[in-house]
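Peer 1: Have a look at this one.
Taken together, the values in this text are just the output of simple stated rules run on the coordinates, not laboratory data. Because the structure is a prediction, the values reported are computed rather than measured. Note that each Cβ is placed from the backbone with ideal geometry, even for glycine, and that neighbours are counted across all protein chains shown.
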């Protein structure tokens, strides 16, 4: 019999949120006492909280006090975070987006969005440095920003705050307000850049804590604020941008906004769930997936995915088989409700289950029938069914074993998976060489990865729908590029903490030791160790021709594939 | 017929049409006393230059396919194959299918035929080998094969040594020394792998099976693992042989292409100098 080791099962609060920042400055009882004298905490009814999870426990373990100096950036538009902020005191401002005058990406420590010129592109052939991972500069690209602090406490700050205040439209957020709560709960990108105008103290609450504060407070002090915020901002934006709701009158949109329910499903206590889940196997994964709609039940709602991924399953003997998946923007339940409206009684044909964490909208059947299925003179088509984005479902293009593979390995996240047809690939590595040429002589992927049939999904960045790599980046160096949506790393603000590389479930991010232009290893002068930076595929964002790997493949074996696009799946996997 | 097959049939049909048109043109021009070898020579040179330009195109992967004549590398390869096969027809018309005379002509003809045949070999290999590679063993990067081979050798040597130490018997050591030492020492049976001959693998597994009756119960487990390692090493050799073949033909094709270009230009100069 194998030997066993007895340990105490890890608990949720073994590692309080404040320990991430500085273990020597935890949240103290006196801090909590002070917070509890302020709204909304003093308006909360503690009777609903469990004894093992009191309001004080939640604040002690899921919150931390953050101090900012003038110019410090708290969150950036486009960042992904798993926490919300409550302003305890001080001056905090948010940039208000207005056409043509938003703070430039380089000023926020991001990679400048610029394509190479034709000459610069060709010059790569002889100008690329011979030393690996050579960097020409080790300070931010833009002199208007700086870094202070170390590791997880690093702050990116605006050097010339008055210029930002005078040059861009900003609004003060008064003390006592929350921000960042919707993106934390929905796992969606931050929608505005927020920075400190002067010294400010913020209470940062991690996602799980905010969820429980909303769940157990009998007075709904925070829930009311969050739901109002969601209905005022995110819901309207979602409805106005979704093709299904295009052309609806304001009156009908209002009905939808009044009745749509924002829900989150699934758990994530760790930002790296896929890595762990992939090792557990199908049955264990399946059991842990939250059920959203159940096969065979009366269709009470249509479900829209706002963020995250869902699996469609049908019962098969004593188990369940995966027949499709939903990505953001997809909806399920329309066809059943349409059939019911036509007089047939059709239950849900599939179960919908959240793969890991998911947020979405439930719209009740009567509202769907009234607003979307009833004739509307403002809309060109009387039926919404043709414009409901089609989820990926089992078929000739996507046979069931492939579907199971893509879902189980979580490749359905991919918007740009590198799929290599091994029956065509001659292993010439032209793709790797092309990638190296496009990245100063350094390839940004390894031609290796999981294989299904004769297709390999190589270890290159998938540019995920839900990029967990971005969640814990302390400087926002890894971010989505606004124009393309590609996940990229800014060399000028990457501090080499490796959070992104550790969180990436697909081993697509590599930490490399950087050198100067003479090939000398660059060493951090504070700690005397080699400086490392995270590197990954950026889909050749600055190249004129797009992904060099795909362009280089003479045998048409390598394709970058958006796995939410049925047509692309068919083109690649049914060859 | 599926999409790729339809495309392939389309290329073949166009190729046949062009070849027929070239034949008719040659017939008409020859009947009209036009210097057909001269014009076909120029055409052939243009085709060879275009074919050689594929190597340059492959380096320009960072440029938009729309900016480059012919589009992406995959399109260029299709043209490369098409023009390459057609060049044999033009070569036939240029030479009149006569045997070359003189040093330059002979060298030029040999270089052309060498380049053409190595290209056809490469085409066949690139169509046949990838699917064979997928069907056997783990996908492995060519450059990492020596490292994996070294690991396998270390593991098998440690297993044999541990088994001998534990049992005090040398049956496994003898088996290793007699049948496996050389096999694990480096790449083996390359030719057999290329022609899909599995006899060496079966022979080694048979030796392992024969050895089993001389071992005690604990040594059986070690032999089972050694058997697995034999198969893994054989799969590595298989990948080395096939991936090597996919790379090696280019080491013939590319130098011949360079030589062909140089001698063709020299041939052109001679033609213009002495006519």
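Peer 1: On C-alpha positions alone, give me the angle between the axis of helix B:103-134 and the longest principal axis of chain B, in degrees, nearest 10.
Peer 2: Result, in degrees: 40.
Peer 1: Taking the mean number of other Cβ atoms within 10 Å as a proxy for protection, how do you rank A:30-36, A:68-74, B:213-219, A:205-211 from highest to lowest?
Peer 2: Top of the packing list down: A:205-211, A:68-74, A:30-36, B:213-219.
Peer 1: Take the range A:43-102, compute every pairwise Cα distance, and split them into 10 Å bins from 0; I just need the percent in each bin.
Peer 2: For the range A:43-102, the binned pair fractions read 15, 36, 28, 17, 5, 0 percent.
Peer 1: Could you compute the FRET efficiency for residue A:529 and residue A:136, with r as their C-beta to C-beta distance and R0 at 30 Å, rounded to 0.05?
Peer 2: Calculated transfer efficiency: 0.90.
Peer 1: If you don't mind, there's one more thing I want to ask. Please provide three numbers in whole Å: the alpha-carbon extents of the range A:325-373 along the principal axes, with the largest listed first.
Peer 2: Principal axes ranked by extent give 36, 22, 13 Å for the Cα atoms.
Peer 1: Hey, another quick one. Where does chain A land at 222 nm, in deg cm²/dmol rounded to the nearest 500, when only DSSP H runs of n ≥ 4 count, each adding -39500 (n - 2.57), divided by all residues?
Peer 2: -6000 deg cm²/dmol
Peer 1: Using a simple spin-label model with points 7 Å from Cα along the Cα→Cβ vector, what separation in nm is obtained for residue A:315 and residue A:15?
Peer 2: Here the modelled spin labels are 4.1 nm apart.
Peer 1: Work out, in µm²/s and without decimals, the Stokes-Einstein translational diffusion coefficient of the range A:401-573 at 25 °C, 0.890 mPa s, Rh from Kirkwood over C-alpha pairs.
Peer 2: 146
Peer 1: Still on this structure, I have one more. Just to confirm the number: angle between the C-alpha axis of helix B:73-95 and the first principal axis of chain B, 0 to 90 degrees, nearest 10?
Peer 2: 60
Peer 1: Moving to a separate point now. Relative contact order, percent, of chain A when contacts are C-alpha pairs under 8 Å separated by at least 6 residues?
Peer 2: The value is 17 percent.
Peer 1: While we're here: Working out 0.36 nm times the residue gap between residue A:201 and residue A:567, then minus their Cα-Cα distance, what length gain in nm do you get to one decimal?
Peer 2: 126.7 nm
Peer 1: I've got another one for you. Please express the shape of the range B:142-244 as an equivalent ellipsoid: the semi-axes are the square roots of 5 times the eigenvalues of the C-alpha gyration tensor, given largest first in whole angstrom.
Peer 2: Over the Cα atoms of the range B:142-244, the semi-axes work out to 26, 15, 9 Å.
Peer 1: Right, here's the next one. In whole Å, largest first, what are the principal axis extents of the Cα atoms in chain B?
Peer 2: 91, 45, 34
Peer 1: Okay, next question. Computed FRET efficiency, Cβ-Cβ of residue A:518 and residue A:159, R0 35 Å: what is it to the nearest 0.05?
Peer 2: Here the calculated transfer efficiency is 0.75.
Peer 1: How far apart, in nm, are the 7 Å Cα→Cβ label points at residue B:258 and residue A:33?
Peer 2: 8.3
Peer 1: Oh, and also: Once chain A is represented by equal point scatterers at the alpha-carbon sites, with solvent omitted, what log10 I(q)/I(0) does the Debye formula produce at q = 0.11, 0.13 Å⁻¹?
Peer 2: -1.18, -1.55
Peer 1: When the helices in chain B are scored as -39500 (n - 2.57) per DSSP H run of 4 or longer and the sum is shared across all residues, what 222 nm value do you end up with, to the nearest 500 deg cm²/dmol?
Peer 2: -27500 deg cm²/dmol
Peer 1: If you average 1/r across every pair of different Cα atoms in the range A:295-357 and take the reciprocal, what Kirkwood value do you get, in Å?
Peer 2: In the range A:295-357 this quantity evaluates to 12.3 Å.
Peer 1: Stretched out fully, how many nm does the piece from residue A:169 to residue A:52 gain, at 0.36 nm a residue minus the Cα gap?
Peer 2: 37.6 nm
Peer 1: Compute the FRET efficiency between residue B:165 and residue B:210 as 1/(1 + (r/R0)^6), taking r as their Cβ-Cβ distance and R0 = 30 Å, and round to the nearest 0.05.
Peer 2: Here the calculated transfer efficiency is 0.80.
Peer 1: Given contacts defined as C-alpha pairs under 8 Å and at least six residues apart, what's the relative contact order of the range B:142-244, whole-number percent?
Peer 2: This gives 42 percent for the range B:142-244.
Peer 1: Go ahead and collect, in residue order, the members of the range B:199-213 whose backbone nitrogen is under 13 Å from a label point 7 Å along the Cα-Cβ direction of residue B:220.
Peer 2: B:212-213
Peer 1: To the nearest 10 degrees, how steeply does helix B:145-167 sit against the main Cα axis of chain B, on a 0 to 90 scale?
Peer 2: 10
Peer 1: With the crude spin-label approximation of a point 7 Å out along Cα→Cβ, what separation in nm comes out for residue A:225 versus residue A:253?
Peer 2: For residue A:225 paired with residue A:253, the spin-label model returns 2.7 nm.
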